[in-house]
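Report on the structure given below.
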Amino acid sequence: MNNSLAPDARTGDSAASRRTVAGPFANFEWMIALRYLRSRRREGFVSVISGFSLVGIALGVATLIIVMAVMNGFRHELLSRILGLNGHIVVQGQLGALPGYDAIAARIRAVPGVTRAAPIVDGQVMATAGGLNAGVLVRGMRKKDLETLAVVSKSIPAQALARFEGGDSVIIGSRLAQKMGLVPGMQITLIAPRGNITPFGTTPRVKSYTVAGTFTVGMSEYDQTYIFMPLEEAQLYFNMDRSVSGIEVMIGDPDQANAMVGPIARASGPYARIVTWQDLNSSFFSALMVEKNVMFLILSLIILVAALNIVSGLIMLVKDKSGDIAILRTMGATRGAVMRIFFIAGASIGVTGTLFGFLIGVLFCANIENIRRFLSSLTGTNLFNPEIYFLSTMPAEMDAGEVIAVVIMALALSFLATLYPSWRAARLDPVEALRYE
């Protein structure tokens, strides 16, 4: 029988009388609980199980924090790039083309909450250079409007913007330029399926343009498919005459796009059609939210499994310490005191594991791009291919509410896991325990 809790042979002091010991273990319940967690030869296996439980909770909490941060980062980066390039609201014509666009754009700019309104011409063409072909989207835009499009203009050199005028200059995405081996000053040929009308039918329109410069949005889908062309040239190239494809509208708060539809529709007139970014990308962002919720549920199972390990470890500890429990009861310890001892032992594992997991998750998210680069160089593989994931760098944006929710969930599961073993220890009959000890 383990007599570690019996009266001291030299002093005669019992465990109950040692409550007045100074220091952090003045409370005998804490002292005994933490002593049980320390590995000794007899309880070595129990300590191993406790260690695995602690590591499991730490990994579960860290993984949840990292995954939630990455999912938030993806949504934020994609949203900022998509809306930064395509606008929050697009005003289109009911029959396709939108005539009288300058007057409509002026009225839209006067609507409170609107920060930008720019006429655009969009068209899909085939681009060819150096024997390589690629399908691209040409967007016609005035020079002053391109300069105010921060997500694009911030990566374009000033001399390139200066050359963006007339009828023979375009600005292309950096990945498209890299793919076709183009640099500023070289020629790129654009082929539109709908060109001149002849007696033999419609012939494709083919014209070569000088690359004035390149831009980088940071989203590979845009960097390899978009070409900006002066608005007047785009109208001629796509046979738009004196009309445009639409008016790109930016507002102060993108989440209020639906509330801005009414005022913008009244300013646009009866022949305009209003499309918000939620209408254009609702399925995409809904899929991201569903994926985020599913990942949260799946990864929560890691913490649940670790909590179940706490249950098994504490049950084994209760069985191993049945003699000690009987001695404590005969010395006057209440059932509540015994229950608190084992609750503290199990909760200590959960709290420590949650704390370590929180620190690991926060540090990982803060340095996630450096870690990705290190692992990529170490393994010699591209762990985050921008052509697959759309973004050129791995984003991570922690949400304080989600981090708190993960920590609370881990602590709650850990505390719940300790209740049954603690209750079982408190219900132990000291007479029966000493009889079989």
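The values are calculated or read from the model by the stated rules, or taken from the named source; none is laboratory data. Owing to the predicted nature of the structure, the values given are computational and were not obtained by experimental measurement. Backbone-built Cβ (ideal geometry, glycine too); neighbour counts: all protein chains shown.
Scanning the stretch 136-167 for residues that are at pLDDT 85 or above and of a type in the set (Asp, Glu), which turns out surrounded by the fewest Cβ atoms within 10 Å (Cβ to Cβ)?
Among those that are at pLDDT 85 or above and of a type in the set (Asp, Glu), it is Glu147.
Please indicate, with yes or no, whether at least one residue in the stretch 332-347 is among the basic types (Lys, Arg), assigned by TED's automatic domain parsing to the domain that holds Leu411 and over 41 Å from the mean Cα position of the chain (by Cα).
Yes, the stretch 332-347 contains a residue that is among the basic types (Lys, Arg), assigned by TED's automatic domain parsing to the domain that holds Leu411 and over 41 Å from the mean Cα position of the chain (by Cα).
Within the stretch 383-415, which residues are modelled with pLDDT of 85 or more, hydrophobic (A, V, I, L, M, F, W, C) and surrounded by 15 or more Cβ atoms within 10 Å (Cβ to Cβ)?
Once the filter is applied, which keeps residues that are modelled with pLDDT of 85 or more, hydrophobic (A, V, I, L, M, F, W, C) and surrounded by 15 or more Cβ atoms within 10 Å (Cβ to Cβ), the stretch 383-415 yields Met398, Val403, Val406, Val407, Met409, Ala410, Leu411, Leu413, Phe415.
In the stretch 221-234, which residues are farther than 14 Å from Leu137 by Cβ and surrounded by fewer than 20 Cβ atoms within 10 Å (Cβ to Cβ)?
If the condition is that a residue be farther than 14 Å from Leu137 by Cβ and surrounded by fewer than 20 Cβ atoms within 10 Å (Cβ to Cβ), then Glu232 is the only one that fits.
Between residues in the stretch 260-274 that are of a type in the set (D, E, K, R) and residues that are surrounded by 15 or more Cβ atoms within 10 Å (Cβ to Cβ), which pairs lie under 6 Å by C-beta distance while being six or more apart or on different chains?
From the stretch 260-274, the pairs are Arg273/Gln92.
I'm trying to understand the selection: among the residues of the stretch 124-135, which are surrounded by fewer than 21 Cβ atoms within 10 Å (Cβ to Cβ), closer than 20 Å to Asn86 by Cα and not polar (S, T, N, Q)?
Hit for the stretch 124-135 is Gly135, nothing else.
If you scan the stretch 79-115, which residues turn out to be at pLDDT below 85, within 14 Å of Pro254 (Cα to Cα) and touching a Pro at 6+ places or on another chain (Cβ under 9 Å)?
Leu79, Leu83
Within the bounds of the stretch 316-323, is there any residue that is under 11 Å from Pro421 (Cβ atoms), modelled with pLDDT of 80 or more and either hydrophobic (A, V, I, L, M, F, W, C) or not assigned by TED's automatic domain parsing to the domain that holds Ile404 (or both)?
Within the stretch 316-323, none of the residues are under 11 Å from Pro421 (Cβ atoms), modelled with pLDDT of 80 or more and either hydrophobic (A, V, I, L, M, F, W, C) or not assigned by TED's automatic domain parsing to the domain that holds Ile404 (or both).
Keeping to the stretch 215-246, report how many residues are of a type in the set (Ser, Thr, Tyr) and farther than 25 Å from Tyr271 by Cα.
Looking only at that region, the number is 5.
When you scan the stretch 317-339, how many residues do you find that are charged (D, E, K, R) and surrounded by 21 or more Cβ atoms within 10 Å (Cβ to Cβ)?
Looking only at that region, the number is 2.
Restricting to the stretch 350-379, name every residue that is farther than 21 Å from Ala410 by Cβ and at pLDDT 85 or above.
Across the stretch 350-379, the qualifying residue is only Asn367.
Only one of these conditions is not met by Asn258: (1) assigned to a helix (DSSP H, G or I); (2) over 30 Å from Glu77 (Cα atoms). Which number is it?
(2)
For the stretch 251-273, enumerate the residues that are under 14 Å from His88 (Cα atoms) and surrounded by 20 or more Cβ atoms within 10 Å (Cβ to Cβ).
Within the stretch 251-273, Ile251, Ala257, Met260, Ile264 meet the criteria.
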